[in-house]
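All remarks here apply to the structure that follows.
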Amino acid sequence: MSEFRIHHDVNELLSLLRIHGGEGAEVYIDLLQKNRTPYVTTTVSAHSAKVKIAEFSRTPEDFLKKYDELKSKNTRHLDSLVYLLSKLTEDKETLQYLQQNAKERAELAANAATTGSTNFSMPTSTSKISLQELEELRKQLGSVTASSTVQQSLELTRKILRDKQNKKNSGQPIPVFPSWVYERPALIGDFLIGTSLSTDTTVPIGTLPLASQESMIVEDLLYVLIGVDGRYITAQPLVGRQNRTFSVDPNLDLSIKELVTRILPVAASYSAVTRFIEEKSSFEYGQVNHALAAAMRTLIKEYMILITQLEHLQRQGLLSLQKLWFYIQPTMRTLEILASLATSVDKGECMGGSTLSLLHDKTFNYTGDSQAQELCLYLTKAASVPYFEILEKWIYRGIINDPYSEFMVEEHELQKEKIQEDYNDKYWDQRYTVVQQQIPSFLQKMADKILSTGKYLNVVRECGRDVTCPVAKEVIYTLKERAYVEQIEKAYNYASKVLLDFLMEEKELVAHLRSIKHYFLMDQGDFFVHFMDLTEEELKKPVDDIITTRLEALLELALRMSTANTDPFKDDLKIDLMPHDLITQLLRVLAIETKQEKAIISADPTELTLSGLEAFSFDYIVKWPLSLIINRKALTRYQMLFRHMFYCKHVERQLCNVWISNKTAKQFSLHSAKWFAGAFTLRQRMLNFVQNIQYYMMFEVMEPTWHILEKNLKLASNIDDVLSHHTSFLDNCLKDCMLTNPELLKIFSKLMSVCVMFTNCMQRFTQSMKLDSEMDRLTLEHGTMLGPPTEEERAEEAAKKKMTNKLLAEHADHLHLTSGFEATINKFDSNFSTHLLDLLDKLSIYSTNDCEHSMLNIIYR
């Protein structure tokens, strides 16, 4: 169960129990997550739990009836719930609290009902209809409304199912029976209520001798046993899904009547089975129910043959009531089982896999009753044939042909192209999903492997290659689950190998990942030096002023001029100018599928215009099926790592430029060299910090994690392992680079801001002195167009230089005094030291509390 599900359930429970305040839901959620133990349900433990609750309950019959009803509906986790309830019966304190809570809730409900109730009075009847006439009228109205209501209900159910299936199979409408099939009740084979087929005058049976009574009743029973009303035994109208009941002439001799009541359950079972066969033979109820109905029809035909033989005996005068009872007994058990199955399927509204689960559980429960188990085994085998045909196509070829939505795997219409565009696209997870209620209980353990097997083969088919499993065998239902396990295992191993080989060898997955690592994880040093030199001026501009095609051209130039030129996939690298800075992007990603998502997305964009440097990122073109692994989610993670490191690299280059400017300034004899030395020291501390952070990220996080990934990819046995290892690699990189911890990220971004502001300040100071331009103007060292400088020119140049140095030093000192540069440098130093100590302090806490030992390496550095 996911954390979100636990959170929802705990809040729901607190709401139901009307618990407010206190320690809150978080405490209980934490306790539940820390104390979870898997519960394995066995037939024995479930039965003993059921017995315990029945003994504890005031109304055990109601509880057992409800349990059987839920069991017939194939309700998931029923046994686990019953086990939990049985444990609650032992906890007296909890029981006392629940009883008090129930009492309070009942009182509240009663108060609400009292305030909202309205008194009604029945008008007094003035008609003088007799009780007998009233009862007769009630029966007639009941029979008419019952039959019409049932017919309308079935028609509505068929329509709903038909609409659902036609919506799923828009190109292929589901076939339907013509309307006259349902409009002619005589075709069904069940009792026709409200119509008397017999035109004979009925002789009161009480006036006949015992032998004649028996003869008449035998004849009646032979009719009733095949769904036709007799003279003295008639079927009652059905109310809902209740079993058929019969009305026997009250004047019948008691001894005969007793025997008749023993035989009539056979007719009731026959009625239930016949109705089930006719209903489930409709296309709308699916292939599994259709196959089950067909198997039952075969058994009913055998039953009809027996009744025909009995009629033959009756015509010869050789069939007494006792003989009929004797001959019908073996069939009685068969029809009882068939009727029980039909009622359970009807109650549970089972289709496809849920029907097979019910049949399997019934078969398993009849262990010890060989005749009943053999019958259920025959029915389950027959019903499972169409289901296994769908299963075979899926696990051997990766094709789903399930027009009636009966299979455990459901297909959703998703476009694989979106996997490259949408960060939140879950093509791999959502294109094919498992439908829990359609998993037959005997395939429950293998459900995930069945899903994966078909998915693997389907990906290869999507690439235009036809695949068929060479170890394909027909799947046949058996009580020995090992038979399925072996066949599914073989199909799974083949599918895993086919897709893995296809991605690794033909589509060169590892080579593509290595190419992405070169660019996004800044593996190619010379390429980045070239690229940053070429694009430095362009990236300083606001993002709206940048010409993307110019950046693309500079990227192309940098790729051709560096060792990246040997990369066969370099043309897949593209420029991407993001609409947000890295911090905003991280917040948006962390907010996905949370309550804050809409608020962050709908928030106004920042008023500050982004520079090209803040918006810059790489993007990568990935084609199907590699986009399953390198999807938009993975690429976004790569982009975040790249933007983080790229900005660090930019700050390092800025600090190096300050160092170059400072080297030029050192030749002047400044009176205030003390504050200048402080600035040099601070610059060196900042450079040391940035370089160490970069070294840590590249050589202590990314390289070791990448080697682990490469090693795991070689050992991977299926595509899910590859996905898992790749996601784990990116998650570990993001976590160890402090990108998943908002607190650390906040401090780090402040440190980087201090460094950038310091470099800007120092650059402004250097420019104010105009050292470079003055020196270029005065330098005659290399001579002029007329030749090398003369001694006189050299002496004059030296004098000018000395005078210029003196003037510049005085200018720098004056600038320092007027602008308060020393105070500014001290402030930068103070801010940098504060944030750095704060970062180290937080790193120390996280590495100790969360056992994130890799972050300790930053502290050591």
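The values are calculated or read from the model by the stated rules, or taken from the named source; none is laboratory data. Just so you know, these numbers come straight off a predicted model, no measurement behind them. Positions of Cβ are generated from backbone atoms using ideal geometry, with glycine treated the same way; all protein chains shown enter the neighbour counts. Heads up: the accessible areas ignore ligands, DNA and RNA and are worked out on the full protein's heavy atoms, side chains in. Shrake-Rupley method; radii C 1.70, N 1.55, O 1.52, S 1.80 Å.
Residues in region 506-525: is at least one open to solvent by less than 20 Å² (accessible area, probe 1.4 Å) and closer than 30 Å to Glu474 by Cβ? No, region 506-525 contains no residue that is open to solvent by less than 20 Å² (accessible area, probe 1.4 Å) and closer than 30 Å to Glu474 by Cβ. Among residues of region 415-437 being buried (at least 16 other Cβ atoms within 10 Å of the Cβ) and more than 23 Å from Gln287 (Cα to Cα), the one that is modelled with the highest pLDDT is Arg431.
Residue-level analysis places Leu479 outside the set of residues that are of a type in the set (A, V, I, L, M, F, W, C) and outside any loop (DSSP other than H, G, I, E, B). For region 368-404, taking the residues that are out of contact with any Leu (no Cβ under 9 Å at 6 or more places or on another chain) and in a loop (DSSP other than H, G, I, E, B), the one that is surrounded by the fewest Cβ atoms within 10 Å (Cβ to Cβ) is identified as Gly368. For the criterion of being surrounded by 16 or more Cβ atoms within 10 Å (Cβ to Cβ) and not assigned by the TED database to the domain that holds Met216, Thr274 fails. When the residues of region 256-266 are filtered to those that are farther than 17 Å from Asp229 by Cα and touching a helix residue (DSSP H, G or I) at 6+ places or on another chain (Cβ under 8 Å), the one that is surrounded by the fewest Cβ atoms within 10 Å (Cβ to Cβ) is Arg262. Being touching a residue at least 40 places away in the same chain (Cβ under 8 Å) and within 15 Å of Val218 (Cβ to Cβ) is the filter; apply it to region 235-254 and report the residue that is least open to solvent (accessible area, probe 1.4 Å). Per the stated criteria, the residue is Leu252. The condition (being part of a helix (DSSP H, G or I), more than 43 Å from the chain's Cα centre (by Cα) and acidic (Asp, Glu)) is satisfied by just one residue among Glu278, Glu284, Glu302: Glu302. Scanning region 391-405 for residues that are modelled with pLDDT of 85 or more and acidic (Asp, Glu) gives a single hit, Glu392.
Of the residues making up region 711-722, those that are surrounded by 15 or more Cβ atoms within 10 Å (Cβ to Cβ) and either touching a helix residue (DSSP H, G or I) at 6+ places or on another chain (Cβ under 7 Å) or more than 11 Å from Leu500 (Cα to Cα) (or both) are Asn712, Leu713, Ala716, Asn718, Ile719, Asp720, Val722.
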